[in-house]
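To start, the structure itself, in structure tokens.
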Amino acid sequence: MIDTKALINDFDRVSELLCIKKVSEDTLKALKDLAIAYKSSKQELESLQAFQNKTSKLFGEYKREGRDINELKASLDSNKAQMAEVESKLKAIETELENLAYTIPNLPDSATPMGEDESDNIELKKVLEPRIFDFIPKEHWELGVDNGWIDFESGVKLAKSRFSVLRGMGAKLNRALINFMLDYNERQGFESVVTPVIANARTLFGTGQLPKFENDMFKVDSHFDEEGSEHDLYLISTSEITLTNLYQDSIIPSENLPIMLTSHTPCFRKEAGSAGRDTRGMIRQHQFDKVELVAITHPSQSESMQEKMLKTASGILSELGLPHRFMQLCGGDLGFSASNTIDIEVWLPGQNCYREISSISNTRDFQARRAKIRYKENGKNALVHTLNGSSLAVGRTLIAIMENYQRADGSIEIPKVLEKYL
């Protein structure tokens, strides 16, 4: 959630930055007006509360002096009625303010270039040179079927389109990649964590998936707690959600920062709005495995942590011998919660192009404000910075291995670094 103080104090700058993310000035003006109204009503309530407390203390003095307390009671009763009215007004404004604020994306930071869409993204560097083939390389869906690694028809039969089944060496390599990635991340200092793959709405609000992206989530259940309150449950689209929210509503001693976490989970996305895109193969599936990196840091550490996470994800690809490049996303291509994002794209010779395999994002204090994650330093509480990134999308890594390690006869070589995991 954006800082409404910044919206009030520097509206023009905030409006200019969020215009890049297609947020209208009228929407921001409405949010600013609500924030001002909330602040004003809160001050009014605090003033009434102060009067109530001060006046209540006069009862003893009135009794000792034998003075009539009826006038005092009448004054307190009138003030109490005003307090109830202002409290009701404040709650209504707060609800409206939060409902609107939750739909507003994060501000691009100063390192994020201006731009409208992915065509304005900037290539930062390339790592490893693509292999030169002496034959025309095939795409992964053809290689997967020919080698018996991927069964697309069974995926459709068991579920629907954009599901697939891995068999034999395809399944073994998928498992090997997960273990290799987790081991590599642990060596870089990230703690392995296993989380649920189902999350409640409060958790999804914390990292920004709700309310804006509810249509892209698989809702699995509504349940009632012991107090009779109804709660919605969803399949997670990334373990960023659960890893970050481990510290929801927490105050972390500053000496415990940074917190660095890694996890493997299956992930689920409806891919609403991607109709017609990547309909062949495993590039864009409803269910996929992903190994995630999450960091919770002191604000002064977040930029260096983003570099560390990029180095970690890139290191995995380098060990696998997969050419890749770093792409700095422009403001118009940033995700909802991101303030700065650098994508890593892997080379796919069958498609003759680079495709995204990881996004390393710094959300600054955006998620921390929503999830109420703070740190304590010198007796004061402040918001942490949170970062997340794929390390890596397992299915896309498998695709990259298939296309980059294919032989002329259609068979596929296994990267040596994975042999001990098979």
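With the whole protein complex present, Glu85 retains an accessible surface near 130 Å², based on a 1.4 Å probe.
Taking every protein chain into account, the 1.4 Å probe leaves His264 with about 60 Å² of accessible area, to the nearest ten.
The phi torsions of segment 178-191, fed into the Karplus equation with coefficients 6.51, -1.76 and 1.60 and a -60° offset, translate into couplings of 4, 5, 4, 5, 4, 4, 5, 5, 4, 5, 8, x, 8, 7 Hz, rounded to whole numbers, with Gly and Pro shown as x. In terms of the Cα gyration tensor, with a ≥ b ≥ c the square roots of its eigenvalues, is segment 162-287 rounded because a/c is under 1.5, prolate because a/b exceeds b/c, or oblate? Judged from the Cα gyration tensor, segment 162-287 comes out oblate (a/c at least 1.5, b/c at or above a/b).
When the chain is treated as a GNM with alpha-carbon contacts under 10 Å, the residue of Leu317, Leu72, Leu143 showing the greatest mean-square fluctuation is Leu72. Only protein atoms count toward the accessible area here, which uses a 1.4 Å probe; on the chain, the carbon and sulfur part of that area reaches 47 percent. Counting only protein chain heavy atoms and rolling a 1.4 Å probe, the accessible areas of Val394, Val220, Val165 rank, largest first, as Val220, Val165, Val394. Taking amide H atoms as placed 1.01 Å from N in the peptide plane, the amide H of Lys372 lies under 5 Å from those of Asp249, each 5 or more residues away in sequence or on another chain.
Using only Cα atoms, find the angle between the long axis of helix 25-56 and the longest principal axis of the chain, and express it within 0 to 90 degrees, rounded to the nearest 10. Taking the Cα atoms of the chain, the angle to 25-56 is about 40 degrees. Between Tyr62, Val165, Ser88, the Cα set farthest toward the positive side of the dipole of the chain (charges on each charged residue's Cβ, about the Cα centre) is that of Tyr62. Using only Cα atoms and rounding to the nearest 10 degrees, what angle (0 to 90) does helix 302-319 make with the longest principal axis of the chain? For helix 302-319, the angle is close to 20 degrees. Candidate cross-link partners of Lys125 among the lysines, defined by an alpha-carbon separation under 28 Å and a same-chain spacing of 8 or more, comprise Lys21, Lys138, Lys290, Lys308, Lys311, Lys416. Ranked by the mean number of other Cβ atoms within 10 Å per residue, highest first, peptides 96-105, 395-404, 240-249 order as 395-404, 240-249, 96-105.
Could you sort out which of Lys91/Lys219; Lys172/Lys420; Lys39/Lys91; Lys29/Lys380; Lys157/Lys212 sit more than 23 Å apart by Cα distance in this structure?
Checking Cα-Cα distances, Lys91/Lys219; Lys29/Lys380; Lys157/Lys212 exceed 23 Å.
In degrees from 0 to 90, rounded to the nearest 10, what is the angle of the helix 70-101 Cα long axis to the longest principal axis of the chain? The answer is roughly 20 degrees.
Calculated accessible area for the chain comes out at 49 Å² per residue, all protein chains present (probe 1.4 Å; ligands, DNA, RNA ignored).
The values are calculated or read from the model by the stated rules, or taken from the named source; none is laboratory data. Being a predicted model, the structure only gives us computed values, none of them experimental. With ideal geometry, Cβ positions are generated from the backbone for all residues, glycine too; neighbour counts draw on all protein chains shown. Keep in mind that these areas ignore ligands, DNA and RNA; they rest on the heavy atoms of the full protein, side chains included. Shrake-Rupley method; radii C 1.70, N 1.55, O 1.52, S 1.80 Å.
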